[in-house]
Amino acid sequence: MKELERHIEILLLHNDCVIVPGLGGFMAHHIDARYDEQDHMFIPPIRTLGFNPQLTLNDSLLVQSYIEAYDISYPEALRRIEAEVEELRSHLETDGSYELNDIGLLQLNEEGKLEFEPCESGILTPELYGLSSFEMPPLVTETPQADADKAQEVSPREDTITIKMSWLRNAVAVAAAIIAFLMISTPVSNSDKMSAVQQSGFINVAPTHHAESQQPKAAAAEAVADVPAPIQEAEAEPAPSEPAPPAPAAQPEEAHYFCLAMASQVTEKNAKTFIGQLSDKGFTDARILVSGAKKIRRVVYGTYATEAEAVSALKALRKESRLFKDTWVLEVK
């Protein structure tokens with residue numbers, strides 16, 4: 001039964017429903033994040049499980065997991081699942097309950113019906129991993145009276161800064177002396193040079209050498225302007241593009257359909273031999289299908305839009321030939 005628990009747990013990582021033939025279906029439910037007003041806590045989103053004992057129809061999901069894990073045929077995988085389910089039911093009848101690790105508790109009620117209690121921590125969901133609840137009490141709005149009371153409790157701090165008037169008078173006198181020294185200049189000689197210096201205390205006189213220094217710069221700018229701009233190279237004409245290869249022909253099979261799997265994990269040589277035998281018997285719709293992450297090669301028959309059509313066709317083919325005795329319905333996505 002440990003193998004059955006492990007397969008159900010792994011399949012529930014990426015599927016919302018896993019059916020165990022002869023037992024029932026485990027269905028995942030998403031619960032959004034919510035706020036518990038009683039405990040004042042934010043609870044993160046979780047993914048919990050439910051159980052429906054009415055879902056006993058084999059959808060081949062669990063059987064396919066056994067085939068890929070143990071490299072066995074479909075009938076052998078189905079027999080192993082049936083044996084584990086039989087052992088689980090025997091344990092329930094003896095003890096009345098059985099706990100599936102990391103999934104939940106199965107138990108029989110007084111009426112002999114199955115009841116399921118999911119694991120409290122929820123099933124493993126990678127996108128929700130690490131989220132935890134946290135407490136956040138409601139914010140309390142203070143009234144104006146409460147603000148006034150709080151203001152009365154805090155005593156104002158009085159700071160006094162004292163400035164002596166004598167310091168202020170001395171500072172004003174020093175500032176006046178500096179201004180007078182900057183504005184009044186004493187002439188030393190009658191030369192034109194000194195008079196120009198004296199005038200510079202009040203009027204900004206532009207120096208003559210500044211204008212002269214601008215002339216070489218202007219001449220250099222004109223010389224640069226006379227240099228012709230570089231001639232851009234002519235762009236090479238683009239080479240004529242080659243015609244695009246024709247698009248691959250569309251696959252005759254749809255992206256999602258159902259077919260009848262007749263053999264699994266077979267070599268290409270054996271698959272072609274088996275298809276030839278079917279063709280000799282008049283069954284010409286057989287072909288080789290390679291699918292799945294492990295590139296499993298199978299011999300399949302027919303293409304059907306719905307599972308009901310595939311089941312109906314399989315019943316008719318089993319009546320017609322014993323070659324379809326161990327054939328099962330396969331969903332291709």
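The values are calculated or read from the model by the stated rules, or taken from the named source; none is laboratory data. As the structure is a prediction and not an experimental result, all values here were calculated from the model. So basically every Cβ, Gly included, is an ideal-geometry build from the backbone, and we count neighbours across all protein chains shown. The accessibility values were calculated without ligands, DNA or RNA, using every heavy atom of the protein model including side chains. Shrake-Rupley method; radii C 1.70, N 1.55, O 1.52, S 1.80 Å.
Residues in region 288-293 carry Karplus couplings, in order, of 9, 10, 10, 8, x, 5 Hz; the curve used is 6.51 cos²θ - 1.76 cosθ + 1.60 with θ = phi - 60°, and Gly or Pro positions show x.
Per residue, how much accessible area does region 9-115 show when a 1.4 Å probe rolls over the protein heavy atoms, in square angstrom? The partial results should precede the final answer.
Numbers: 5940 Å² over 107 residues.
Here the residues of region 9-115 average 56 Å² of exposed surface.
Scanning residues 5 or more positions from residue 263 or on other chains, those with amide H under 5 Å from its amide H are 299, with H placed 1.01 Å from N in the peptide plane. Accessible area of region 1-131 with a 1.4 Å probe: how many percent of it is carbon plus sulfur? So the carbon and sulfur contribution to the accessible surface is 49 percent. Residue ranking by accessible heavy-atom surface, 1.4 Å probe, largest first, among 9, 82, 93, 320 comes out as 93, 320, 82, 9.
Can you figure out the FRET efficiency of residue 305 with residue 37, using R₀ = 51 Å and their beta-carbon distance, to the nearest 0.05? Could the numbers behind the result be given before it?
Details: r = 50 Å, r/R0 = 0.98.
The pair residue 305/residue 37 has a calculated efficiency of 0.55.
Shape class of region 24-65 from the alpha-carbon gyration tensor: prolate, with a/c at 1.5 or above and a/b greater than b/c. Spin-label pair residue 90-residue 17: with each label point 7 Å from Cα along the Cα-Cβ axis, the two points sit 3.1 nm from one another. Of the cross-linked pairs 295/319; 2/315; 2/269; 294/319; 2/325; 269/295, which ones have a Cα-Cα span greater than 27 Å in the structure shown? Check vs 27 Å cut-off fails for 295/319; 2/315; 2/269; 294/319; 2/325. Solvent-accessible area of residue 273, all protein chains in place: 70 Å² (probe radius 1.4 Å, heavy atoms, ligands and nucleic acids excluded). For residue 325, the solvent-accessible surface with a 1.4 Å probe is about 130 Å², rounded to the nearest 10. Of 328, 167, the residue with the largest accessible area leads and the full order is 167, 328 (1.4 Å probe). By the Kirkwood approach, averaging reciprocal distances over each pair of separate Cα atoms, region 14-86 gets a hydrodynamic radius of 14.4 Å.
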